[in-house]
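*Asks:* For reference, the structure I am asking about is given below.
The values are calculated or read from the model by the stated rules, or taken from the named source; none is laboratory data. As the structure is a computational prediction, the values presented were derived from the model and not from experiment. A quick note on method: Cβ atoms are made from the backbone with ideal geometry, for glycine too, and the neighbour counts reach across all protein chains shown. Quick note on the areas: whole protein, heavy atoms, side chains included, nothing else; ligands and nucleic acids left out. Shrake-Rupley method; radii C 1.70, N 1.55, O 1.52, S 1.80 Å.
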Amino acid sequence: MIKNKSNSQFSAVVDDVKAAPFSDLQERLDAIQDNGMTALAIRNILFHKMLDLHAVPNDHFLRSEETPCGLDDPQKLVERLNELGFVRNKLSSQLH
């Protein structure tokens, strides 16, 4: 069964020559999970990073709520943030 196989047996698959950064990211995420962090913890961190990118204050109610299930639809979450007045300025928040 697939549940009995370790994660190290499945390598990242990329079908684009320009996807090397994504392959590197997948390897880093695999290493993080191999060191004990769960996928749910990573999901929570990514949610809070999205809130950071939209400059949501630390004391805002969104930060104390559970991570929404709709993270698979980030556009819906961005729309909710925009409705609450948190509009991301794409020029000033570039990722490095």
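So that you can scan it fast, the table gives a plain yes or no per residue for (1) open to solvent by 40 Å² or more (accessible area, probe 1.4 Å); (2) at pLDDT 90 or above; (3) part of a helix (DSSP H, G or I); (4) in contact with a strand residue (DSSP E or B) (Cβ under 8 Å, 6 or more places away or on another chain):
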| position | (1), (2), (3), (4) |
| --- | --- |
| 19 | no, no, yes, no |
| 25 | yes, no, yes, no |
| 57 | yes, yes, no, no |
| 62 | no, no, yes, no |
| 70 | no, no, yes, no |
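*Asks:* While we're here: Could you list, in sequence order, the residues of the stretch 34-55 that are assigned to a helix (DSSP H, G or I) and over 21 Å from residue 80 (Cα atoms)?
*Replies:* Across the stretch 34-55, the qualifying residues are 34, 39, 40, 41, 42.
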